[in-house]
Amino acid sequence: MFSPFGDWLPEVVVFHPQRFEDAQLIVLAVRDNKTALVHAGAMERLEAQRLIDFVAGGVSAMDGRAECLDDLTFVFTPDIVKLTRDGGTGR
């Protein structure tokens, strides 16, 4: 299949974590250059916050980006993905 991105095809993975241990799968997806859309609505609020904090730290350590879409929905991108919000310039 032809891709203007060479051998890399952009991929978005949607996560609905059920427990904190799912955080590792999310970080690994971003490490594999996938964008992770995470909705933590099925989790208890404090555990969801802990998961989001862990993932945000892991993604930040890889120079990735995080964006909060609402209270329990976040998008995490690897450094090769430009993330913009509301038509902004992003980085």
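State all residues of segment 36-65 that are assigned to a strand (DSSP E or B) and farther than 16 Å from Q24 by Cβ; if no residue qualifies, say none. Even if it seems obvious, please write down each step before you answer.
Step one: list which residues in segment 36-65 are assigned to a strand (DSSP E or B), which gives 36-39, 65.
L37, H39, R65, listed by residue number.
Between F20, F5, the distinction of being modelled with pLDDT of 95 or more and either crowded, with 18+ Cβ neighbours inside 10 Å or over 13 Å from T77 (Cβ atoms) (or both) belongs to F20 only.
Under the condition of being at positive phi and touching a residue at least 24 places away in the same chain (Cβ under 8 Å), the residues counted in segment 26-74 number 1. Restricted to segment 59-90, and to residues there that are of a type in the set (D, E) and surrounded by 11 or more Cβ atoms within 10 Å (Cβ to Cβ), the residue that is nearest to R45 (Cα to Cα) is D71.
Looking at this structure, is V13 surrounded by fewer than 19 Cβ atoms within 10 Å (Cβ to Cβ) and not charged (D, E, K, R)? Steps first, answer last, please.
Details: surrounded by fewer than 19 Cβ atoms within 10 Å (Cβ to Cβ): yes; not charged (D, E, K, R): yes.
Yes; evaluated as a whole, the condition is true for this residue.
Contact map, segment 10-25: first residue part of a loop (DSSP other than H, G, I, E, B), second residue hydroxyl-bearing (S, T, Y), Cβ cut-off under 9 Å, separation 6 or more or different chains; pairs are P10/S3; P10/T35; E11/T35.
The values are calculated or read from the model by the stated rules, or taken from the named source; none is laboratory data. All values derive from a computational prediction rather than experimental measurement. Every residue, glycine among them, receives a Cβ derived from its backbone with ideal geometry; neighbour counts consider all protein chains shown.
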